[in-house]
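Working notes, beginning with the structure itself.
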Amino acid sequence: MAGGNSNYWEDLRKQARQLENELDLKLVSFSKLCTSYSSSRDGRRGDSSSDTTPLLSNSTQDRMFETMSVEIEQLLAKLTGVNDNMAEYTSTPGVTSLNAALMHTLQRHRDILQDYTHEFHKTKSNFMAIREREDLLGSVRKDIETYKSGSGVNNRRTELFLKEHEHLRNSDRLLDDTISIAMATKENMTSQRGFLKSIQSRVNTLANRFPAINNLIQRINLRKRRDSLILGGVIGICTILLLLYAFH
């Protein structure tokens, strides 16, 4: 029975890792789609007089966005179900002796699920904001072009206004890209810091559980300090000798 429970737990972990890998790939593609959305729309506007048609139209990107959103939501729901099954397993009376290790593994999978859910909702919100902004700017530009073509006026002031409008839009897009990069970097650093803290916590736990390992770590640290002091002393003596030789 214990072997069957162990196999069941391993199957759940395998499913969780597989879903997490799929979610990671989907979220990367989803982020690239959202990042390229604004740029592709700008390219289509800038090349409006060309006879060629872009490979991905606005409606195509919107359909891809909706499809990928549904797929990611389904994967998140599946991963949530697997985590719930893992939580039920940890409360089984037959596995109480391993409950601490199982709970640690379960918490790690829950943290990953939370990070993926947060990243998905953030990317989706950014995409919706970009699409609304681009739709608004596209509508303004269309109204301006309609006014120009209907009135037949093509004076210098209108051209300057359009150029200034383009400059403002480009500056706004670059600012948004910079903010997105900064936020992504901050999130990555926060995630790495949490991972390092987790490793440090594990090392401290092992050191507290096994005094021999703790003593070994202390000896290693003392030897490193001693070697550093010896090396510093040698460097200092060599430096003094060189200075004496140089000014002799």
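The values are calculated or read from the model by the stated rules, or taken from the named source; none is laboratory data. The shown structure was predicted, so the numbers you read here are calculated from the model rather than taken from an experiment. These accessible areas exclude ligands, DNA and RNA; they are computed on the full protein's heavy atoms, side chains included. Shrake-Rupley method; radii C 1.70, N 1.55, O 1.52, S 1.80 Å.
Structure notes:
- Remark: ALA16 falls outside the filter, which requires a residue to be at pLDDT below 65 and among the hydrophobic types (A, V, I, L, M, F, W, C).
- The listed residue being over 18 Å from the mean Cα position of the chain (by Cα), assigned to a helix (DSSP H, G or I) and at pLDDT 80 or above, out of SER180, SER171: SER171
- Test: residue in region 222-232 that is open to solvent by less than 80 Å² (accessible area, probe 1.4 Å), polar (S, T, N, Q) and at pLDDT below 85: no
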